[in-house]
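Structure record follows, encoded as C-alpha cells.
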Amino acid sequence: MAYEFNEKVIKHFENPKNVGMMKDADIVETVGSPVCGDMLTLYLKIKDDKVVDVKFKTFGCGAAIATSSIFTELVKGKTIDDALKITSDVVVNELGGLPEKKIHCSVLAPDAFEKAIKKYRDRHAK
Amino acid sequence: MDKIYFDNSATTRVDEKVLKAMLPYFTEFYGNASSLHSFGRDASVAMKDSRAMVANIINADASEIIFTAGGTESDNIAIRGVAEALKEKGNHIITSSIEHPAVLETCEHLEKSGFDVSYLPVDDKGSVSLEDLEDAICQRTTLVTIMHANNEVGTIQPIREIGRIAHENGALFHTDAVQTLGKLPIDVSKDNIDLLSISGHKLHGPKGIGALYIKDGTPIEPIIFGGGHERGLRSSTENIPGIVGLGKACEMAKNDLDKDIAYMTNLRDALISGITDRIPNVKLNGHPTDRLCNNVNMSFEAIEGEALILALDRTGIAASTGSACSSKKSKASHVLMAMGLTQIEAYGSLRLSLSRMNTMQEVDYTIDSLENIVSRLRAMSPLWKEE
C-alpha cells in the first residue's frame, strides 16, 4: 500500500546526518539482521559519561534510515542518561510522525543505543 | 525531465485513442445492453465489436470471450468454475508456486473445500519444469493453471507444452495472460489453451475491465449469480465504456504487436546492460532469454528495495520492489523466494517494467540516477564492504 513520508523524514533520508563508520569508536553495536530486512550498526564515542560522537550505518527502508539519522542527531552531546530517554516515541515525534506501517522502524536506533550502553557500562563496571 | 513511469506491470497509462473510444459510452451511448430500445442496441453493438477485437488478439472466436471486472475475477471464475464443474471427475489442480495471488489464493481457498492442489516449484530462473508437471499430473487432475509470464521477474513459461501435457492427461489448461497480452503473440488454439485471463489496464486500457477466454465446450459453473449476463458466467450489467476500452486496447496491441515487442526489447536490453556495466554487484533476476520484453528485475547487493524505490521516486522515477517493509518482520516476494534467492537478494530487488510509451532518453536518465542512488545507499549500508 502506498504511504507518504513528511518532508522532515525525506530530508533525513536524502541527507542523513552522522553516516559512516568510526575507526576509534569506544563502542560498536549492531542490531537487526539482513534476514529481518533492517540492520543498524551504531558507533559511539563516550567521554565523561557523555556521547561526544556518534555514527551509524543502516541497511533498511527509508524510515529506517531517517530514524537512524535523527536519533544520532538527538543523542549527540547528551549525557548517557539523557540519551537513554530518546525512545522510539521521541524519534517518531521529532520526525513529525511516521506512517503506521513504518513505526516499527523507529525502534532500531534506540535499541542499538541501549544495548551499546549496556555493553559499555558492563565493561567499565569491571 | 518529466516523471518517468517504469511500473507498467502494475498498471499502464490509458492510451489516448482508447480513452477517446470510451468517452461517448459514458454520456451519449449509455444504455444497458440488455434493453430493447435504441440505447440498448447501441451498447450491445459496441459490446459485440469489442468482443471480436478481444477474440482476435488471441485467435479465438468472439463467442468464447466473456467480459469480467479484471484479471483477478477472470482467474477466479476460471479456476473455481472449472474445479466445481468437474469435481465428480476429479479434485486435483496443478499450479505453480510463483502465480499471482489471484490464482494462489483461489487455489488455497479450494483446498479448504476439499480439493488437492499441487504447487510446482520453479528453478532459479523462474521456469516451471515439464518433468515436474508430468510427475504431478494424474487421473484426478482436472485443471492445470500456470501463468503465461510472471509479473515480477518476467519469466515466460512453456505454455504450449504445458497445455499439451494437460490435454494428454485429460486435464484442462488455464493460463493467466495478464502480463503477456500485447507483449507476446498468443494463439489459444496452437498454444493448447482452454481458458485464458485478460486484464484491460495492463495494456493501456482502463482499470476495472478484463476478459476470460473459455474454449467452446469447456465445462464451467458460475461463481457469481444474478441476471445471467455473459452466458450466465458473470452476471452484472456490462461495463460498456470499459469493454469498449478493452476492445480498442486489444485492437491496437494486435496491430502493433511486432513493432511494440521490438521497441520494448530494445529499451529493456539497454537498461539491463547499462545497469550491469555501470553498477557493481548487481544480479539479473529471472530468465536471460525467456523473458518478457518489458521486464527488468535486478538485485542490488547491500541495499533494501523500499529505500531504492523512495530514492528513485524523489528523482521522478516510478518503479517497484519485491521487498515489503511493513510489519515487524519484512516480507520478501514469494516469487523471488521460490526461485531460491536469498532473503537479502530479494529485499534488494528492483523491478523496472516498461511500455511502448517509454523512451531511450528515460532509460539513460534512469541508469544515471540509479548509479548515484545505489552508491549513496551502499555508502550508508553496514552490509556493503567498502574497497
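Shown here for the range A:1-57: GluC sites (Glu not before Pro) in loop regions (DSSP other than H, G, I, E, B) with at most 12 other Cβ atoms within 10 Å, namely A:Glu4.
Translational diffusion coefficient of the protein assembly as shown (Stokes-Einstein, Kirkwood radius from Cα pairs, 20 °C, 1.002 mPa s): 86 µm²/s. Net length available on complete extension from B:Lys3 to B:Ser38 is 8.2 nm, with 0.36 nm assigned per residue and the Cα-Cα distance removed.
Annotation: lysines with alpha-carbon distance below 17 angstrom to B:Lys248 (same-chain offsets under eight excluded): B:Lys17, B:Lys20, B:Lys48, B:Lys183, B:Lys202, B:Lys207. Per residue of chain B, the DSSP helices (runs of n ≥ 4 H) give a summed -39500 (n - 2.57) that works out to -12000 deg cm²/dmol at 222 nm. Full extension of the chain between A:Val52 and A:Asp122 gives 23.3 nm of extra length, using 0.36 nm per residue less the Cα-Cα distance. Long hydrophobic helices in chain B: the complete DSSP H runs spanning 27 Å or more by Cα along their own axis with mean Kyte-Doolittle hydropathy of at least 0.0 are B:38-57. Bridging of A:Lys55 to aspartates and glutamates at a Cα separation below 12 Å is possible for A:Asp24, A:Asp26, A:Glu29, A:Glu73, once same-chain residues fewer than 8 apart are set aside. With Cα atoms defining each centre, the range B:149-205 and the range A:12-33 are spaced 49 Å apart in the structure.
Subtracting the Cα-Cα distance of B:Ala10 and B:Asn56 from 0.36 nm times their residue separation leaves 14.1 nm of extension gain. For chain A, a Gaussian network of Cα nodes joined below 10 Å ranks A:Pro110, A:Pro34, A:Pro16 by mean-square fluctuation, and the top entry is A:Pro34.
Along the range A:104-117 the Karplus relation, 6.51 cos²θ - 1.76 cosθ + 1.60 evaluated at θ = phi - 60°, assigns HN-Hα couplings of 4, 5, 6, 7, 4, 5, x, 5, 4, 5, 4, 5, 5, 5 Hz to successive residues, with x for each Gly and Pro.
Each of B:Val374, B:Ser236, B:Ala60 was scored by the projection of its Cα onto the charge dipole of the protein assembly as shown, and the greatest displacement toward the positive side belongs to B:Val374; charges sit on the C-beta of Lys, Arg, Asp and Glu. For the pair B:Ser235 and B:Glu105, label points projected 7 Å from Cα toward Cβ lie 2.4 nm apart. Note on B:Asn281 and A:Lys23: with the Förster distance fixed at 25 Å, the Cβ-Cβ geometry gives a FRET efficiency of about 0.55. The H on the amide N of B:Asp7, modeled in the peptide plane, is under 5 Å from the matching H of B:Ser353, each at least 5 residues off or on a different chain. Build a GNM of chain B with springs between Cα atoms under 10 Å apart, and of B:Lys283, B:Lys202, B:Lys89 the one that fluctuates most is B:Lys89.
For the range B:185-335, the Cα gyration tensor yields ellipsoid semi-axes of 36, 21, 16 Å (square root of five times each eigenvalue, largest first, whole Å). Per residue, chain A reaches -12000 deg cm²/dmol at 222 nm when only DSSP H runs of four or more residues are counted, each adding -39500 (n - 2.57). For chain B, set up a Gaussian network in which alpha carbons nearer than 10 Å are linked by springs, and say which option among B:Ser355, B:Ser113, B:Ser63 fluctuates the most. Looking only at B:Ser355, B:Ser113, B:Ser63, the largest GNM fluctuation is found for B:Ser113. Just check chain B against the gyration tensor rule for me: Cα atoms, a ≥ b ≥ c as the square roots of the eigenvalues, rounded for a/c under 1.5, and otherwise prolate or oblate depending on whether a/b exceeds b/c. Oblate, since a/c reaches 1.5 and b/c is not below a/b.
Here r is the Cβ-Cβ distance between A:Glu14 and B:Lys259 and R0 is 51 Å; the resulting FRET efficiency, rounded to 0.05, is 0.80.
Throughout, read-outs are computed from the coordinates displayed, never taken from laboratory work. What you see is a predicted model; the values in this text were computed from it and never measured. Every residue, glycine among them, receives a Cβ derived from its backbone with ideal geometry; neighbour counts consider all protein chains shown.
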